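Written out below as structure tokens is the structure these notes cover.
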Amino acid sequence: PDWPDRDRFIMSKGHATGVFYTALTQAGYWPEDWLETYMGNQSKLNGHPNRNYLPGIEANTGPLGHGFPIALGIALGGKITGAGFRTYVLTGDGEQQEGSNWEAAMSAGHNKVASLTLIIDRNRLQQGQGTEETNGLDPLDAKYRAFGFEVVEVDGHDHGALLEVLGAPVGTRTKPLCVIANTTKGKGVSFMEGLAKWHHGVPNDDQFEQAMKELG
């Protein structure tokens, strides 16, 4: 985690720590039994990632709209120093309504930070309702192209497609990359799919059992 030439990943949608911590656990950053403490009293694996507690966390996130500007700063710093690392940042689509993202997008495009990849989890839902009912984002692809990004849309549930686009070398690309990953909130669980209430919802025991069966 301290290697200067490492690629960087910023989890801007910092409330999605469950999957983030699981991935870092599988990569060997800490013992697997730490996962049992997730969001427990004084656990290092708290609800939002904290770089002061854990290796592999590049930035403290959770206040939405902060991760993208941080990632841009890291990537721009790498460009200035001639470093070869890449910087990836995952944001939610509701988070795109924060003005700080558009300042970052404008700067990234202007400075042609080709080593920067922005991933947008486009499930069209935010805390209370749909993104388009709250503050419409469409056409999101055209907006990022206008800011000077190369834009790719993928099925966010297709791991192969994600690996292909995220793993492709920068090559001769001179623009930052925006990957719009179209997803369904609660994918694979019949009573959760596409419902904003599960942003904060907690399943009861019966619902949990049903969900685990449906997920296989």
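The values are calculated or read from the model by the stated rules, or taken from the named source; none is laboratory data. What you see is a predicted model, and the numbers here were worked out from it, not measured in a lab. With ideal geometry, Cβ positions are generated from the backbone for all residues, glycine too; neighbour counts draw on all protein chains shown. Side chains included, ligands, DNA and RNA excluded: accessible areas come from the protein's heavy atoms. Shrake-Rupley method; radii C 1.70, N 1.55, O 1.52, S 1.80 Å.
Looking across segment 23-33, the residues that are open to solvent by 80 Å² or more (accessible area, probe 1.4 Å) and either assigned to a helix (DSSP H, G or I) or without any contact (Cβ under 8 Å) to a residue 24 or more places away in the chain (or both) come down to Gln26, Glu32, Asp33. Candidates Gly167, Gly171, Gly160: the one that is open to solvent by 30 Å² or more (accessible area, probe 1.4 Å), without any contact (Cβ under 8 Å) to a residue 40 or more places away in the chain and more than 20 Å from the chain's Cα centre (by Cα) is Gly171.
Looking only at residues in segment 82-118 that are among the acidic types (Asp, Glu) and under 15 Å from His66 (Cβ atoms), the one that is nearest to the chain's Cα centre (by Cα) is Glu95. Summed over segment 183-216, residues that are open to solvent by 60 Å² or more (accessible area, probe 1.4 Å), part of a loop (DSSP other than H, G, I, E, B) and in contact with a Ser or Thr (Cβ under 9 Å, 6 or more places away or on another chain) total 1. Taking the criterion of being of a type in the set (Ser, Thr, Tyr) and farther than 30 Å from Trp30 by Cα, the residues of segment 57-115 that qualify are Thr81, Ser100, Ser107.
The set of residues in segment 61-78 being touching a His at 6+ places or on another chain (Cβ under 7 Å) and either surrounded by fewer than 21 Cβ atoms within 10 Å (Cβ to Cβ) or among the aromatic types (Phe, Trp, Tyr) (or both) consists of Gly62 alone.
Return the only residue of Thr87, Thr117, Thr134, Thr91 being at pLDDT below 95, out of contact with any His (no Cβ under 6 Å at 6 or more places or on another chain) and within 28 Å of Gly148 (Cβ to Cβ). Break it down into steps so the answer makes sense when it comes.
Working: Thr87 fails: at pLDDT below 95; Thr117 fails: at pLDDT below 95; Thr91 fails: at pLDDT below 95.
None of the other options fit; the residue is Thr134.
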